[in-house]
Amino acid sequence: ASDIGRPFAEVCGLLGDTLIEVSLTPNRPDAASHRGLARDLCAALGLSTVWSFSSHGGDDAQVDAQDQWSPRSVQSSNKDHVSIELKDSACPRYVARWVHNVTIAPSPLFVRQRLESLGLRSVNNVVDATNWVLHEMGHPTHAFDAAAFTSGSLRVQRFDHDTSFTTLDHVERTCPVGTLFICDEDKPVAIAGVMGGLESEVSDQTTDILLESAMFAPSSIRKTSKVLGLQSDASYRFERGADPLACMEAADRVIELIEAWAGGDVSTEVADVSEIQEYEPQAIEFDTALTTRILGHTIEDNVQFNTLTSLGCVVEESESVYPPSFRPDLTRPIDLVEEVGRLWDYNRLPEPSVQQAFVPQPIPQRESFIVACASACMRLGYREIQANSLIPKEDAQRAIDPALVIHTLNPVSSEATSLRPTLAIGGLNVFQRNRNRGVHAARCFEIGHVYRRTDKEGKGKGTWHQGIEERTHLWIGVTGPATVADWAQSSSTYRFDHLKRDLLSVLHVALGSSVQVHELTFVVDPSNPLVSAIHAQGDVIGTFTELGRKERSSYDLDSPTFMVEIDLDTCFEFWNNAVPTRTAEVSKFPSIDYDFALVVASDVTAGTLEEIIRETGSDRLHHVQCFDVYEGDQIAKNTKSLAFRCTFLDSTKTLTFNEVEDEIKLILNSLKDKTSAELRT
């Protein structure tokens, strides 16, 4: 019997939990364990005690570092002699140990409680031992049922074909070419560094154990984990970098726990196959003055070196620092400065009393051009969007030749498998989301990178090292009504000339007077009359597109939709000699407008006529505008009428009509000589 009101946990003798939540950065795999956290806390608190965990119930005991565990060893048998082959450099070291005559049973209560407090499910005493050491030391191990190895040959290898494999979670997975496996000769028994196989798992019928403790290349494990969409506690640590010197120690610790919890006889046979030389830490030349320069506070040299020593670094008199094997993140002097500042406590650093003057750096011309394009779009009323650069494979292959599409090696989802070859897909997706949420009208733009394969010898031969083209594009799109009906006006939709006008405005703002209207020509695609190529100086710089009814319906758009996409890199190459923006005093004198209409051949562009007018006119010619176009029965066939308005202005006096008329005569004569233009009366 017990007193009423006494805590249930106290009555049952349940252990209390003290949970410490730690947010780890990806570069700190050493801290993903109790030992790693204890090591860091000892350094921060100035403690030198080495703590160990007991393998029995009750409170953990402080153990002398000299105390050594001695297993009940037995002589190895023939079945312990397994040939280990490392057939891939992604596994530089593999340690194997054997335990015979184990008794598979539930783990002791304190083991189950502590694993469950970590969010782990207790499996059995052998598997729990590997999980215990994983969280205690931070080095993953794996226990196989030794009966699964029937060939006497253990290989770490890849296959040149897809492999079907059932993992411990009872899921059959198709592992692609290049997946690293642990194999019984050529039969996979585990996905290396990620998860074991169902056929080799430790079960109630298991009597002999083969224990694996290995090292794997982080990049290989990360790739496998991403491709399969499978992350385990082991892969989390391996893909960040495990301690290369911990393989044997972790194996010994697991063997100790198995013997304590599952009994059995430990074989004297130890297999330790390594393809690397003895571990040699890389020296970091550390100048303590760097700490003062970076942190803005002087920390004594001996304090800095003692701090690094407490973290496991070896400091020589020459100020060379050798980081420990469990800290793969310490590679540069700035990394050591960060450790000193972190343990010194950033909150203790005083604020600098002297503020240095900020000297702005000049913005590169190309960057200024891109910023100017964005600013011009916003001034015209467009909203900037930022779409994902990864798009579905199907969308990318519809946009360009499928051979030119770049697919990611490890897609995060089916909606993000390929690098975008155009900005249009992201923009149209924005229109679709807006439309589905009741926003019918949208004017958007985006400036971003597009990607495609390119090769002078042929299509689709690019690799990740060469033949990949990355360009900066500007996309502008409009959809929905251009104006909304009200008491004063009826609604209207967007037209081709709306977007063309805005594009020219953007380029004029960004490039000044170096780009002229006549330099941009729109050539209709013969295979699709809704698409026009934008030409400048003989090259294609972009495309103008009106979405057809079918394309609009696929994006749930019910209004005319236009978009233009241009290559800003090409534009900048053409017009990088742009005249800078200048200011001038507003003239005190009035201007004179002179209108006239010209009849020209149908293939003569307004831009060509405007260029001739500007070249012929004097400094008094302030502005030229084509304000009307006519083609019909009142003029000859294969001709058109273009009406221009020329604005003349003299900043020093008032112009007379006779002065303007004399200049108009020169302009008309020049137009007639160069284009056979006739004045329409």
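The values are calculated or read from the model by the stated rules, or taken from the named source; none is laboratory data. Not measured: the values here are computed from a predicted model. Note: ideal-geometry Cβ built from the backbone for every residue, glycine included; neighbour counts use all protein chains shown.
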Flagged in segment 313-330 as in a loop (DSSP other than H, G, I, E, B) and at pLDDT 90 or above, in numbering order, are Cys313, Pro323, Pro324, Ser325, Phe326, Arg327, Pro328, Asp329, Leu330
Failed condition for Val270, given (1) surrounded by 14 or more Cβ atoms within 10 Å (Cβ to Cβ); (2) part of a helix (DSSP H, G or I); (3) of a type outside the set (Gly, Ala, Ser): (2)
Residue ID - nearest to Asp595 (Cα to Cα), chosen from residues in segment 646-672 that are touching a helix residue (DSSP H, G or I) at 6+ places or on another chain (Cβ under 9 Å) and of a type outside the set (A, V, I, L, M, F, W, C): Glu663
Of (1) buried (at least 18 other Cβ atoms within 10 Å of the Cβ); (2) of a type outside the set (A, V, I, L, M); (3) at positive phi, Gly178 satisfies all except one. Which? (1)
In segment 570-681, which strands (runs of 3 or more DSSP E) lie fully inside it and hold 1 or more residues that are surrounded by fewer than 17 Cβ atoms within 10 Å (Cβ to Cβ) and under 51 Å from the mean Cα position of the chain (by Cα)? 621-630
Candidates Leu24, Leu41, Leu19, filtered to the one that is surrounded by fewer than 10 Cβ atoms within 10 Å (Cβ to Cβ), hydrophobic (A, V, I, L, M, F, W, C) and at pLDDT 65 or above: Leu19
Residues Ala387, Ala376: which one is assigned to a loop (DSSP other than H, G, I, E, B), under 30 Å from Ala424 (Cβ atoms) and among the aliphatic types (A, V, I, L, M)? Ala387
Any residue at all in segment 504-517 that is surrounded by 20 or more Cβ atoms within 10 Å (Cβ to Cβ), modelled with pLDDT of 85 or more and among the small types (Gly, Ala, Ser)? no
Output yes when any residue across segment 129-142 is assigned to a loop (DSSP other than H, G, I, E, B), surrounded by fewer than 23 Cβ atoms within 10 Å (Cβ to Cβ) and at negative phi, and no when none is. no
For the condition closer than 30 Å to Asn101 by Cβ, at pLDDT 95 or above and assigned by TED's automatic domain parsing to the domain that holds Leu245, what is the one hit in Thr150, Thr166? Thr166
Candidates Arg366, Arg383, Arg348 - the one that is at pLDDT 90 or above, surrounded by fewer than 17 Cβ atoms within 10 Å (Cβ to Cβ) and on the phi < 0 side of the Ramachandran plot: Arg383
Can you list residue pairs whose Cβ atoms sit under 6 Å apart, with the first residue in segment 603-620 being closer than 23 Å to Lys637 by Cβ and aliphatic (A, V, I, L, M) and the second being assigned to a helix (DSSP H, G or I) and modelled with pLDDT of 85 or more? Count only pairs 6 or more apart in sequence or on different chains. Val604/Thr675
Only one of these conditions is not met by Ile294: (1) touching a Gly at 6+ places or on another chain (Cβ under 8 Å); (2) of a type outside the set (Lys, Arg); (3) within 30 Å of Asn125 (Cβ to Cβ). Which number is it? (3)
